[in-house]
Amino acid sequence: MRFLIISHVLHKSNGLKWYAYAPYVREMNLWLNHVDEVEIVAPVTSMSLSEIDIAYSHDHITLTQIPAIAFINISRGIKSLLALPYIFLKLWKACQRADHIHLRCPGNIGLLGSLIQFFFPNKVKTAKYAGNWDPNAKQPLSYRLQKTILSNTKYTKKMTALVYGEWPNQTKNIKSFFTATYRNQDRVVPVIRDYTKALDFVFVGSLVSGKRPLLAIQIVEQLLSRGVTCKLQVFGDGVLKSKLQQYIDDKQLEDSIVLHGNKTSETVKIALQSAHFTILASKSEGWPKALAEAMFFGVIPIATSISCVPNMLDYGKRGILIAPNVDEVVSKITLALKSNEALVSMSKLASDWSQQYTLDLFEEEIKTLVKSK
C-alpha cells in the first residue's frame, strides 16, 4: 500500500532522514507501521533540528516538497496565491499515485488536500482534524470550510474524518477520536499528593499568545501574593519567551517560576510524576495532549472550557475548568485547596480516565483505519 500524507507541518532533513515536530511524527509513525510505501507532501525548512524534532521511522519514504502558504499579510498572500497552481499539481499527482490519502487538518495545505480529494472518490481516505471541532466555535474561514467539506458525504467519498470530542448531529463519516503518548506498560499508580504543603505547577506548550502562558505565570504570581507556597515550571519555547522572562525578572519571580525551554519528553515526564497541577488556558485546542499526559500521572488540570476539554475533565470532576481571568482562577484554586481529600480524589479520577487512552489502543484503532477498504 502506498500511503500519502498531505500536511502543512514544516519538515527538516539531516541528509538521511526526514524530521518534523515530535508529537506529530510519533503519531504518524504508528500509521506507517501498517503501510509499504509513504509519500509526504509538505513544506520543508532549512532550520536546524531541535529537541522537539524526531525522524519518521520507515524505510520507504518519499517527500514531495511544496511551498508553505499563508495569508497573514499582502506580500505573503500574493506569493501564496501564485504558488497555488504548482501546489495543486503536486497534490494531484501524489493523489494519483496513492492507495490511501491521509489529510492533516486544519491548515491551508489540508484545505487544498480536501478540495483535491473530490476528484478521487474511489480511493480510501482519512483526515485527522487536530483542531477544535465544536460546531459553534469562532474560527477562520479556512477552518470552517474544511469542517464543511469533511462532513459532506456527497462530495467526500470513502473518507473517515477523525475529530476530538462528542458532538451532536454529525454525519456518518465523522469518528470521535483521541490521541495518546504512553503505552500500557507506562501505567503506574500515581503518587498521592499532599495539597496542604508546597505546590508544584507545570505549563507544557508553545510560548505563543494562543496558549496564554502569561496567564499561567500570573496565576502563580497571585497565589504567591496570597501566601500560597508554590512554584511553576514552564516547558516550551516560542516568540513570547523573552517577554515572559522579562516579566518574571521585573516581578522578581525567578525563585518561583522557571522557563526551561524545550525539553525532551522524558524530562517533562519526570516533572509530571510529582507535579500537583498543570495549567493550560488556551484560546483554542483540539485534543490537548499536554493535559492528557499530565492527567496520566495524576496531575490535576486547570484548563479553559474549550473544544473537548470539558468532556476530558468530566465537567469539573477530573479537573478545574476556568475562564481566562486571573482573579477568578485564583479564587477557584484557593477554594479547591480547602479540601485535600477532594483534590486527591480528583487526581485519581484524572489518572484513571487518561490511562484508558494508551498508544496500544491508539495503534489498534489506526490499524483498523489503514486496513479499511
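Compare THR368, THR64 by solvent-accessible area with a 1.4 Å probe and give them largest first, with all protein chains kept in place. Provide the component values of the computation, followed by the final result.
Values: THR368 95, THR64 20 Å².
Ranked from most to least accessible, the order is THR368, THR64.
With the crude spin-label approximation of a point 7 Å out along Cα→Cβ, what separation in nm comes out for THR64 versus TYR315?
So the label points at THR64 and TYR315 sit 4.7 nm apart.
List every DSSP H helix in the chain whose Cα atoms extend 20 Å or more along the helix's own long axis and whose mean Kyte-Doolittle hydropathy is at least -1.0. Each step should come with its number before you reach the end.
Details: long enough: 74-97 (35 Å, 0.47); 340-354 (21 Å, -0.08).
Sorted by number, the helices that extend far enough and score high enough are 74-97, 340-354.
Any idea how far the Cα center of region 94-129 sits from the one of region 134-166, in Å?
For region 94-129 versus region 134-166, the Cα centre distance is 13 Å.
In square angstrom, rounded to the nearest 10, how much accessible surface does ARG226 have for a 1.4 Å probe?
Spelled out: ARG226, probe radius 1.4 Å, area about 120 Å².
Which translational diffusion coefficient, to the nearest whole µm²/s, is obtained for region 164-215 from the Stokes-Einstein equation, given a Kirkwood hydrodynamic radius over C-alpha pairs, 25 °C and 0.890 mPa s? Spell out each step's value before the answer.
Working: Rh = 16.1 Å.
My calculation gives 152 µm²/s for D.
Report the local net charge at LYS231: Lys and Arg +1, Asp and Glu -1, summed over other residues whose C-beta lies under 10 Å from its C-beta. Walk me through the numbers before you get to the answer.
On the way: positive: none; negative: ASP200, ASP255.
Residues near LYS231 contribute -2 overall.
Summing Lys, Arg as +1 and Asp, Glu as -1, what charge do residues with Cβ under 13 Å from the Cβ of HIS8 carry, HIS8 excluded? Mind showing how you got there, number by number?
Values: positive: ARG104, LYS128; negative: none.
Overall, the nearby charge balance is +2.
Once you have the Cα-Cα distance between LEU16 and TYR86, take 0.36 nm times their residue separation minus that, and quote the gain in nm to one decimal.
On the way: separation 70, 0.36 × 70 = 25.20 nm, distance 2.63 nm.
Taking LEU16 through TYR86 to full extension adds about 22.6 nm, to one decimal.
How big is Rg to Rh over region 25-171, alpha-carbon atoms, Rh as the Kirkwood inverse-mean-distance radius?
Working: Rg = 15.9 Å, Rh = 16.6 Å.
Expressed as Rg/Rh, it is 0.95.
Starting from the alpha-carbon convex hull of region 117-168, give the projected area averaged over all orientations, in nm². All intermediate terms of the calculation are to be shown ahead of the outcome.
Values: hull surface 15.2 nm².
Mean projected area of the Cα convex hull: 3.8 nm².
If region 208-307 were replaced by its equivalent ellipsoid, with semi-axes equal to the square roots of 5 times the Cα gyration tensor eigenvalues, what would those be, largest first, whole Å? All intermediate terms of the calculation are to be shown ahead of the outcome.
Working: eigenvalues 81, 50, 42 Å².
Value: 20, 16, 14 Å, ordered largest first.
Hey, what's the Kirkwood Rh for region 79-143 if you take every pair of different alpha carbons, in angstrom? Mind showing how you got there, number by number?
Details: mean 1/r = 0.0777 Å⁻¹.
Mean inverse Cα-Cα distance, inverted, gives 12.9 Å.
Starting at the first residue of region 230-235, write each ³J(HN,Hα) from the Karplus equation 6.51 cos²θ - 1.76 cosθ + 1.60 with θ = phi - 60°, in whole Hz, x for Gly and Pro.
7, 9, 10, 10, 10, 10
Given the options ALA130, ALA161, ALA336, state which has the largest fluctuation in a GNM of the chain using a 10 Å cut-off (strictly under) for Cα springs.
ALA336
Compute the signed sum of charges (Lys and Arg +1, Asp and Glu -1) over the other residues within less than 11 Å, Cβ to Cβ, of THR278. Mind showing how you got there, number by number?
On the way: positive: none; negative: ASP200, GLU293.
Charge balance in the 11 Å sphere: -2.
Hey, can you grab everything whose amide H is under 5 Å from the amide H of GLY261? Only 5+ residues off in sequence or another chain; H modelled, so Pro and N-termini drop out.
Long-range HN contacts for GLY261: GLY236.
Measure of size requested: the Rg and Dmax of region 1-86, with Cα atoms as the atom set and Å as the unit; please supply both.
Rg then Dmax for region 1-86, in Å: 14.0, 43.
Considering only VAL188, VAL25, VAL268, give the residue with the highest GNM mean-square fluctuation for the chain, with springs between Cα atoms whenever their separation is below 10 Å.
Maximum fluctuation in the GNM of the chain, among the listed residues, is at VAL188.
Antiparallel DSSP bridges in the chain: what percent, to the nearest 5? Show your work: numbers first, answer last.
Numbers: 5 of 53 bridges.
Around 10 percent antiparallel, to the nearest 5.
How large are Rg and Dmax for region 250-373 when calculated on the C-alpha trace, in angstrom?
That works out to 16.3, 60 Å for Rg and Dmax.
Taking amide hydrogens as modeled 1.01 Å from N in the peptide plane, which residues meet the under 5 Å criterion relative to ILE54, leaving out close sequence neighbours?
Sorted by chain and number, the residues that satisfy this are ALA20, ALA22.
Where q = 0.09, 0.15 Å⁻¹, what log10 of I(q)/I(0) comes from the Debye formula for the chain, counting one point per Cα?
Per q value, in the given order, log10 I(q)/I(0) is -0.55, -1.38.
If you restrict to DSSP beta bridges whose two residues both lie in region 1-72, what percentage is antiparallel, to the nearest 5? Kindly include the intermediate steps, with their values, before the conclusion.
Working: 5 of 16 bridges.
That works out to approximately 30 percent antiparallel.
Using only protein heavy atoms and a 1.4 Å probe, report how much of MET312 is accessible, in Å² to the nearest 10.
0 Å²
Calculate the FRET efficiency for ASN29 and LEU337 from the Cβ-Cβ distance with a Förster distance of 51 Å, rounded to the nearest 0.05. Please report the intermediate quantities before stating the final value.
Working: r = 41 Å, r/R0 = 0.80.
E between ASN29 and LEU337, to the nearest 0.05, is 0.80.
With no solvent and one equal point scatterer per Cα, compute the Debye intensity ratio I(q)/I(0) for region 1-46 at 0.21, 0.23, 0.33 Å⁻¹ and report its log10, rounded to two decimals.
For region 1-46 at q = 0.21, 0.23, 0.33 Å⁻¹, log10 I(q)/I(0) is -0.74, -0.89, -1.34.
Using a 1.4 angstrom probe and counting only protein chains, how large is the accessible area of ARG193 in Å², to 10?
Surface accessible to solvent at ARG193 totals approximately 10 Å².
If you take the beta carbon distance between ASN184 and GLN273 as r and set R0 to 22 Å, what does 1/(1 + (r/R0)^6) give as a FRET efficiency, to the nearest 0.05?
My answer for the efficiency is 0.80.
So which residue, out of VAL124, VAL228, VAL239, gets the largest mean-square fluctuation from a GNM of the chain using Cα contacts under 10 Å as springs?
VAL239
So if I take the centroid of the Cα atoms in region 29-83 and the same for region 262-313, what is the distance between those two points in Å?
Centre-to-centre (Cα) distance: 27 Å.
The values are calculated or read from the model by the stated rules, or taken from the named source; none is laboratory data. None of the values given here were measured: they were computed from a predicted structure. Reconstructed Cβ throughout: ideal geometry from the backbone, glycine too, with neighbour counts over all protein chains shown. Surface accessibility is based on the protein's heavy atoms, side chains included, excluding ligands, DNA and RNA. Shrake-Rupley method; radii C 1.70, N 1.55, O 1.52, S 1.80 Å.
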